[in-house]
Amino acid sequence: MASSTVRINLDGKPINPLTILMIGAGGFIGSHLCEKILNETPHKILALDVYNDKIKHLLESDSLKWAGRIQFYRINIKHDSRLEGLIKMSDLTINLAAICTPADYNTRPLDTIYSNFIDALPVVKYCSENAKRLIHFSTCEVYGKTIGSFLPKDSPLRQDPAYYVLKEDTSPCIFGSIEKQRWSYACAKQLIERLIYAEGAENGLEFTIVRPFNWIGPRMDFIPGVDGPSEGVPRVLACFSNALLRREQLKLVDGGVSQRTFVYIKDAIEAVLLMIENPDRANGHIFNVGNPNNEVTVRQLAEMMTEVYSKVSGEPALEQPTVDISSKEFYGEGYDDSDKRIPDMTIINKQLGWNPKTSLWDLLDSTLTYQHKTYAEAIKKRGLHVLARYLVTAGKCCINFVKRDAGAFTDLEPDNVGFKIC
Ligand SMILES: NC(=O)c1ccc[n+]([C@@H]2O[C@H](COP(=O)([O-])OP(=O)(O)OC[C@H]3O[C@@H](n4cnc5c(N)ncnc54)[C@H](O)[C@@H]3O)[C@@H](O)[C@H]2O)c1
Ligand SMILES: O=C(O)[C@H]1O[C@H](OP(=O)(O)OP(=O)(O)OC[C@H]2O[C@@H](n3ccc(=O)[nH]c3=O)[C@H](O)[C@@H]2O)[C@H](O)[C@@H](O)[C@@H]1O
C-alpha cells in the first residue's frame, strides 16, 4: 500500500497494522485474500500451506511494493510443531485449510473428516489458549438440505422462503444418512463450528465463522491433466471449464436440477476484509457470505457458461453442449446433494454493511476469459501429444522430434519439445 494515510474502520477507529497467520494461503480463496491484503492494507501475512503455486506471483519478486509483508511457510498442519509459535506471533489466525471438493467426501471420507475436524483442532486450541483471534472458514454445506425439499413436490409451501432461505441463527442442519458419505464434510465442519462456538462461550475465544456460498473465480481448483491429476474431479466451475476448453460435453449430474447461488470471489473477499478490520462487529458471529441474486440450476449454469465461453473463445458451441450422468457414475457410491442454497443476508448486512455486486454473467465472463487465456494453449499442445502418442503406439506413423532429443516418448513435455509426424 503506497499511501501512509491512517485507515479507519466502520466505527471510525484507526486500523492498526496486523500480523495475520493465513493457514491454507496457497489455495483459491487464500490467494485472492493475500492479493487483497497486500494491495490495499499495511498488514503482514504469514502464509502457511503445503503448496504455493497460486501465490508464487506474490512471493517471487523482491521489487514488489509489498516485499517483506508476506512470508511463506511450507507446513502441513497435521504434524508440525511450528504451528503454535506462528499463532503466537500473529494478531489474527485465518484458517482456510481443508479438503473441500465433493468428489473426495464419499471416496475419501476419513481424510475429509480428519482434514475438516481433527486437523483444525490444534488451531482452535492454540488460538484459545493464547488469547488470539480466529477467523475460521466453514461452509454453507452445514445447512445440508432445505426443509422445503421434504415437502411434496406440488406443495405451495415450497414457494415460501421460510422453507428454503438459510439463516445462520435459526436454520437447522439437515444431512442424509450415514451411508451417504457426502455429508462427512458438512458434519465435520459443523462439529468444528460447535467447538469454536463453545470455546467462545466457555473460554472467551474471539472468533468469526465464515460460511461461503459457492465462491467462484480465477484460480479455483485445477484443470485435470494440466495443473492437476488427469482423473481428478474438481468443483463444478473447473469441471465445466475443462469440458469447454476441450470441446467436450458438460456433464449434468442427476439432470442438473440442483440449485446454487454463485458469488464472485472478489466480492466475497471484500466481506472477509471487513471481518478482519472490524473485530468488534465480527467477533462472536457466524456469517453467510453469498449472492442470493445469482441463483441458477446447475443446468442453467452449464448453458450460461457455454454461451459465455463461446463469446470469449470465438468458437461456436457444440450442437449438444450437455449430457446427463448419474451421480453414482460421476461421484460413486454415497453421493448425495444439497437441493438449494439461498443465503439470508440479514446478519452480514447489519454487522458489516456488505452486499455482493457482480452478476453471474459478469463473473463468468471474467472467469472464463481467465480460463481461456491460462489454459487453452496448454490443452491444445497436450491434445497434439496424445494424438501423436496414439499414432505411434498404433504403428500409424513415426515421429521426428524438432527441438531436442527427448529420450523416451513418455518423457515428453509439450512445452519443451516439438515434433513432426511423418
Ligand atoms: N470456495 C468456496 O466456495 C468454498 C465454499 C465453502 C467453504 N469453503 C471453505 O473455504 C476454505 C478454503 O477453500 P478454497 O476454495 O480456497 O479451497 P482450496 O482447496 O483451494 O484451498 C485450501 C488450501 O488449504 C491447504 N491445506 C489443506 N490441508 C492442509 C494442511 N494439512 N496443512 C497445510 N495446508 C493445507 C491446501 O493445500 C489448499 O491450498 C476451506 O476451508 C473450504 O472448506 C470454500
Ligand atoms: O462452494 C461451496 O459453497 C461449498 O459447496 C461445494 O459443494 P457443491 O456446490 O455441491 O460442489 P460443486 O462441485 O461446485 O457442485 C455443484 C453442483 O454441480 C453438480 N456438478 C458438478 C460437477 C459436474 O461436472 N457436473 C455437475 O452437475 C454437482 O452435482 C452439484 O449439484 C463444496 O462442498 C465446497 O467447496 C463448498 O464447501
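Could you check, for region 248-259, whether at least one of its residues is closer than 30 Å to residue 379 by Cα, within 12 Å of ligand 1 (Cβ to nearest atom) and in contact with a Gly (Cβ under 9 Å, 6 or more places away or on another chain)? For region 248-259, residues closer than 30 Å to residue 379 by Cα, within 12 Å of ligand 1 (Cβ to nearest atom) and in contact with a Gly (Cβ under 9 Å, 6 or more places away or on another chain): absent. Evaluating residue 236 against the criteria (1) more than 15 Å from ligand 1 (Cβ to nearest atom); (2) crowded, with 21+ Cβ neighbours inside 10 Å leaves one unmet condition, (1). Of the candidates 7, 82, 108, the single residue that is closer than 30 Å to residue 327 by Cβ and among the basic types (Lys, Arg) is 108. Mind checking whether some residue in region 66-74 is within 10 Å of ligand 1 (Cβ to nearest atom) and in contact with a helix residue (DSSP H, G or I) (Cβ under 6 Å, 6 or more places away or on another chain)? No, region 66-74 contains no residue that is within 10 Å of ligand 1 (Cβ to nearest atom) and in contact with a helix residue (DSSP H, G or I) (Cβ under 6 Å, 6 or more places away or on another chain). In region 146-170, of all residues being without any contact (Cβ under 8 Å) to a residue 60 or more places away in the chain and polar (S, T, N, Q), the one that is most open to solvent (accessible area, probe 1.4 Å) corresponds to 159. Taking region 190-214 as the range and being near ligand 1 (Cβ under 10 Å from one of its atoms) and open to solvent by 10 Å² or more (accessible area, probe 1.4 Å) as the test, the residues that pass are 211, 212, 214. For region 34-53, the tally of residues that are basic (Lys, Arg) and open to solvent by less than 40 Å² (accessible area, probe 1.4 Å) stands at 1. Take region 296-322 and flag every residue that is hydrophobic (A, V, I, L, M, F, W, C), away from ligand 1 (no atom under 16 Å from the Cβ) and open to solvent by 20 Å² or more (accessible area, probe 1.4 Å). Passing the criteria: 304, 312, 317, 318.
Is one or more of the residues making up region 280-295 surrounded by fewer than 18 Cβ atoms within 10 Å (Cβ to Cβ) and assigned to a helix (DSSP H, G or I)? Yes: one or more hits. Considering 54, 88, 78, the condition of being among the basic types (Lys, Arg) and either touching a strand residue (DSSP E or B) at 6+ places or on another chain (Cβ under 8 Å) or more than 9 Å from ligand 1 (Cβ to nearest atom) (or both) is satisfied by 88 alone. Does residue 257 count as among the β-branched types (Val, Ile, Thr) and open to solvent by 20 Å² or more (accessible area, probe 1.4 Å)? Judged against the criteria, residue 257 is a match.
The residues in region 323-362 that are open to solvent by 60 Å² or more (accessible area, probe 1.4 Å), over 22 Å from the mean Cα position of the chain (by Cα) and free of Cβ contacts under 8 Å to residues at least 40 places away in the same chain can be counted, and the count is 3. If you go through region 363-381 and keep only what is more than 22 Å from the chain's Cα centre (by Cα) and in contact (Cβ under 8 Å) with a residue 60 or more places away in the chain, you end up with 378, 379. Residue count for region 318-357 satisfying the condition of being in a helix (DSSP H, G or I) and either near ligand 2 (Cβ under 10 Å from one of its atoms) or over 25 Å from residue 164 (Cβ atoms) (or both): 5.
Against the test of being at pLDDT 95 or above, among the hydroxyl-bearing types (Ser, Thr, Tyr) and farther than 18 Å from residue 213 by Cβ, the options 338, 366 yield a single qualifying residue, 366. Right, residue 315: away from ligand 2 (no atom under 16 Å from the Cβ) and either out of contact with any strand residue (DSSP E or B) (no Cβ under 7 Å at 6 or more places or on another chain) or not in a loop (DSSP other than H, G, I, E, B) (or both) or not? When the stated conditions are applied, residue 315 passes them.
The values are calculated or read from the model by the stated rules, or taken from the named source; none is laboratory data. What you see is a predicted model; the values in this text were computed from it and never measured. Glycine gets a Cβ as well: all are built from the backbone with ideal geometry, and neighbour counts include every protein chain shown. Keep in mind that these areas ignore ligands, DNA and RNA; they rest on the heavy atoms of the full protein, side chains included. Shrake-Rupley method; radii C 1.70, N 1.55, O 1.52, S 1.80 Å.
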